[in-house]
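S.K.: Pasting a structure here, questions to come.
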Amino acid sequence: MKIVRADVIVTCPGRNFVTLKVVTDEGVYGIGDATLNGRELAVAAYLKEHVCPLLIGRDPGRIEDIWQFLYKGAYWRRGPVTMTAIAAVDMALWDILGKVTGMPLYKLLGGASRDSVMVYGHATGRDIPEALDRYAEHIDQGYQAIRIQCGVPNMRSVYGVSKGNGVYEPATKGGVEEQSWSTEKYLDFVPKLFEAVRDRFGFGTHLLHDAHHRLTPIEAARLGKAVEPYRLFWIEDPTPAENQEGFRLIREHTVTPIAVGEVFNSIWDCKQLIEEQLIDYIRATLTHAGGITHLRRIADFASLYQVRTGCHGASDLSPVCMGAALHFDLWVPNFGVQEYMGFPEAALEVFPHAWQFDRGTMHPGDVPGHGVDIDEALAARYPYDPAYLPVARLEDGTLWNW
Ligand SMILES: [Mg+2]
């Protein structure tokens, strides 16, 4: 079997997605997600101009060799654009292997390690009463794990809180939105939010929260220590992780579990964090961390240190990534939790999928491959629509971490 074509499809059914379709001489094809939020066309060009021509004539069954060829062969290793492009190829090749062998991806990986995948949803509100009402709705829908984000008094905008009544969507059209941030106001307020959750709902649900890279290590340590009585499942991205040693400072002060890594793109971004046991959950995701072939390597390494997976699953990853991630989650022995935000209705129509949601858990389905397809005719009706992620500035105007 040989690869005869590789096409890049850019579509915007509610938000921008980049999809790679790899076609073989036997008519079997596989698809992979190549979406890098806010920088979509960089990956599309990397694939079209540099990767797709190299795939023609290759045996799609040599997944590991093609991964190594694209990683080492570029000479310029790592980076989000390169690793997202490699991930798309890898996902598509695993999809082809599943279709050729008639097996769902999770069985190719070694079979199910659990009956279903626990996912966490997002409860957000402009104030505590509204956030608690959204939390209650998630409990009613059967969620066992819920992330809560809430507006902070006297702060103009806060990460994770929708402007209207819809699902939270940070990317904006027509330029970059500038948000403001005050660590002092946030740190004073957020323990009250968790206290309100536990007061109203008790300790029967896993409570998650995302600090979205806004804190310094010592501020994150203070937060982790202050919220220990509320027994969070995790605090996510408490501080930027370029300096992996920074997490040691957090660890020295608190037992609140730490999750990090949605922006990571290789095992080298988390090597020290994992081997020094500075984190509890690794959030690297298939699309941005080199696909199934590389994320499996990260998860296996993490398992040596009892670090569990908690894959990023925001709606800026396409349904293709979601489908493949659920296969990965069903298999991976050191699974923690999977993020799930849902998708716009139009996106679900463009990407027919086999996965099912049932009361806070998901299953990838049993069709061969990863179980997600693309309706190209429908995709063509939603042209690319440029959008940017926001930036955050401190109240004195200093550019901060968004
Ligand atoms: Mg996050």
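The values are calculated or read from the model by the stated rules, or taken from the named source; none is laboratory data. Quick caveat, the model's predicted, so the values are computed rather than measured. Please note: Cβ atoms are built from the backbone with ideal geometry, for glycine as well, and neighbour counts cover all protein chains shown. Ligands, DNA and RNA are stripped out before the accessible areas are found, and what is left, the full protein with its side chains, is counted by its heavy atoms. Shrake-Rupley method; radii C 1.70, N 1.55, O 1.52, S 1.80 Å.
S.K.: Of the residues that sit in segment 257-284 and are more than 16 Å from the ligand (Cβ to nearest atom) and either touching a residue at least 40 places away in the same chain (Cβ under 8 Å) or not hydrophobic (A, V, I, L, M, F, W, C) (or both), which one is surrounded by the most Cβ atoms within 10 Å (Cβ to Cβ)? Outline the logic, then answer.
M.R.: First, the residues of segment 257-284 that are more than 16 Å from the ligand (Cβ to nearest atom): 266-268, 271-272, 274-278.
If we keep only those that are either touching a residue at least 40 places away in the same chain (Cβ under 8 Å) or not hydrophobic (A, V, I, L, M, F, W, C) (or both) as well, we get 266, 268, 271-272, 275-277.
Numbers: S266: 22, W268: 12, K271: 13, Q272: 16, E275: 14, E276: 14, Q277: 13.
Within segment 257-284, the match that is surrounded by the most Cβ atoms within 10 Å (Cβ to Cβ) is S266.
S.K.: G57 fails exactly one of the following numbered conditions: (1) assigned to a helix (DSSP H, G or I); (2) surrounded by fewer than 18 Cβ atoms within 10 Å (Cβ to Cβ); (3) small (G, A, S). What is the number of that condition?
M.R.: Unmet condition: (1).
S.K.: If I filter segment 85-119 down to residues being among the small types (G, A, S) and assigned to a loop (DSSP other than H, G, I, E, B), which single residue comes out as nearest to C52 (Cα to Cα)?
M.R.: G102
S.K.: Still on this structure, I have one more. Here are R393, R359: which of them is assigned by TED's automatic domain parsing to the domain that holds V117 and open to solvent by 40 Å² or more (accessible area, probe 1.4 Å)? Please lay out each step first, then the result.
M.R.: On the way: R393 fails: assigned by TED's automatic domain parsing to the domain that holds V117.
The conditions single out R359.
S.K.: Right, next: Does V81 count as crowded, with 24+ Cβ neighbours inside 10 Å, farther than 27 Å from P333 by Cα and under 25 Å from the mean Cα position of the chain (by Cα)?
M.R.: So V81 fails the test.
S.K.: Do any residues in segment 313-326 that are closer than 11 Å to H353 by Cα have Cβ atoms under 8 Å from those of residues that are assigned to a helix (DSSP H, G or I) and of a type in the set (F, W, Y), where the two are at least six apart or on different chains, and which pairs are they?
M.R.: Once the first residue is closer than 11 Å to H353 by Cα and sits in segment 313-326, its partners that are assigned to a helix (DSSP H, G or I) and of a type in the set (F, W, Y) give A324/W94.
S.K.: Can you list residue pairs whose Cβ atoms sit under 8 Å apart, with the first residue in segment 335-350 being under 18 Å from T11 (Cα atoms) and the second being charged (D, E, K, R) and assigned to a loop (DSSP other than H, G, I, E, B)? Count only pairs 6 or more apart in sequence or on different chains.
M.R.: Matching pairs, first to second residue: P344/R15; A347/R15; E349/D375; V350/D375.
S.K.: Go through segment 285-307 residue by residue and tally those that are surrounded by 21 or more Cβ atoms within 10 Å (Cβ to Cβ) and within 20 Å of L232 (Cα to Cα).
M.R.: 1
S.K.: Identify the residue in segment 214-241 that is over 18 Å from T124 (Cβ atoms) and within 16 Å of the ligand (Cβ to nearest atom) and, among all such residues, is surrounded by the most Cβ atoms within 10 Å (Cβ to Cβ).
M.R.: Filtering first and then ranking leaves P238.
S.K.: From the list V81, V28, V18, which residue is more than 20 Å from H312 (Cα to Cα) and outside the structural domain of T172 (by TED's automatic domain parsing)? I'd like the intermediate steps shown before the answer.
M.R.: Working: V81 fails: more than 20 Å from H312 (Cα to Cα); V18 fails: more than 20 Å from H312 (Cα to Cα).
The match here is V28.
S.K.: It is to be established whether one or more residues within segment 189-208 are closer than 30 Å to E252 by Cα, outside any strand (DSSP E or B) and within 23 Å of the chain's Cα centre (by Cα).
M.R.: yes
S.K.: Here's another thing I want to ask about it. Please tell me if G38 is closer than 18 Å to H327 by Cβ, not in a helix (DSSP H, G or I) and not polar (S, T, N, Q).
M.R.: So G38 fails the test.
S.K.: Kindly provide the set of residues from segment 317-341 that are open to solvent by less than 20 Å² (accessible area, probe 1.4 Å), outside any helix (DSSP H, G or I) and within 16 Å of the ligand (Cβ to nearest atom), ordered by number.
M.R.: L317, G336, V337, Q338, E339, listed by residue number.
S.K.: With I56, I63, I86 as the choices, which residue is in contact (Cβ under 8 Å) with a residue 12 or more places away in the chain and under 23 Å from G313 (Cα atoms)?
M.R.: Going through I56, I63, I86 in turn, the sole match is I86.
S.K.: Mind listing whichever residues of segment 100-140 are surrounded by fewer than 17 Cβ atoms within 10 Å (Cβ to Cβ) and within 26 Å of Y71 (Cα to Cα)?
M.R.: Within segment 100-140, G110 is the sole residue that qualifies.
S.K.: Quick check on segment 286-301. Is at least one of its residues farther than 21 Å from M91 by Cβ, touching a helix residue (DSSP H, G or I) at 6+ places or on another chain (Cβ under 8 Å) and away from the ligand (no atom under 14 Å from the Cβ)?
M.R.: no
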